[in-house]
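The values are calculated or read from the model by the stated rules, or taken from the named source; none is laboratory data. A quick note: this is a predicted structure, and the numbers were derived from the prediction, not measured. In this analysis, Cβ positions are derived from the backbone assuming ideal geometry, glycine residues included, and neighbour counts consider all displayed protein chains. Accessible surface is based on the protein model in full, side chains and every heavy atom, while ligands, DNA and RNA are left aside. Shrake-Rupley method; radii C 1.70, N 1.55, O 1.52, S 1.80 Å.
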Amino acid sequence: LEAPKFTEVTTSQLTLLGLDYRTANADGTTTGHGNGMSVIIRMSDGRFIVIDGGFNTADHYNQFKKILKEQAKEYDPEGKNITIACWMITHSHGDHQGLLQGKYNNLKSDGFKVENFLFNFMSDTERNKSINSSEKDEGGTVISSNWSSGEGGGWNKVYTAASALGAKTLVAHVGQIYYFADWKMEI
């Protein structure tokens with residue numbers, strides 16, 4: 001495969017977006033799941049690659065939007081032409097794909113364009129095997145699975161978001177190579 005031709009408008013940049021999902025309680029303690037995950041890669045052609053997205057919260061969406069607009073302002077001062085060339089979802093837990101559950105309409109109304117989604121979710125059959133397994137650690141304690149909490153079923157929401165955003169869906173397989181401007185991704 002040959003790398004695509006592109007026009008350089010900026011330098012590449014990688015950002016790990018800190019996404020806290022805890023609620024402060026009156027007694028000073030916190031509750032919640034901790035951190036979500038989102039990695040934002042600005043390519044030299046000005047488009048972005050996003051890996052995951054964090055939880056379905058306004059706070060996560062606002063942080064995400066702020067980072068993209070800040071990183072695009074040198075070549076798109078008004079933030080009207082921000083394009084995500086590829087949004088990769090590593091797995092369907094809510095702290096990775098949750099942002100897409102309720103915020104894809106925000107992406108559209110804020111003028112973000114998403115060209116491609118890249119993922120390969122486990123089938124419901126495989127997820128059910130994982131839920132029903134009774135794997136034990138070295139001490140004989142049953143290892144719990146967070147797939148049984150319903151967090152594994154978010155794959156359909158990614159398809160819904162992709163369709164609503166008019167993005168292509170790419171199903172990743174080992175050995176595939178994808179090129180996006182100056183980035184090469186090998187699965």
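Just a few scattered comments:
- Close Cβ contacts (under 9 Å, 6 or more residues apart or on different chains) running from residues in region 154-177 that are at negative phi and in a strand (DSSP E or B) to residues that are open to solvent by 50 Å² or more (accessible area, probe 1.4 Å) and of a type in the set (Ser, Thr, Tyr) comprise 169/159; 169/163.
- Residue within region 48-61 that is closer than 17 Å to residue 166 by Cβ and assigned to a strand (DSSP E or B) present: yes
- Those residues of region 167-182 which are open to solvent by 50 Å² or more (accessible area, probe 1.4 Å) and within 17 Å of the chain's Cα centre (by Cα), in sequence order: 168, 169, 171
- Restricting attention to region 67-76, the residues that are open to solvent by 70 Å² or more (accessible area, probe 1.4 Å) and in a loop (DSSP other than H, G, I, E, B) total 2.
- Of 32, 28, all but one fail to be over 14 Å from residue 180 (Cα atoms), surrounded by 11 or more Cβ atoms within 10 Å (Cβ to Cβ) and modelled with pLDDT under 90; the exception is 32.
- The lone criterion from (1) touching a helix residue (DSSP H, G or I) at 6+ places or on another chain (Cβ under 7 Å); (2) basic (Lys, Arg); (3) under 17 Å from residue 180 (Cβ atoms) left unmet by residue 108 is number (3).
- Residue among 98, 79 that is outside any strand (DSSP E or B), at positive phi and open to solvent by less than 10 Å² (accessible area, probe 1.4 Å): 79
- Cβ separations smaller than 7 Å between residues 6+ apart or across chains give the following pairs from region 37-63 residues that are within 19 Å of residue 3 (Cα to Cα) and open to solvent by 20 Å² or more (accessible area, probe 1.4 Å) to residues that are not in a strand (DSSP E or B) and not charged (D, E, K, R): 45/6; 45/7; 45/9; 45/181; 47/181.
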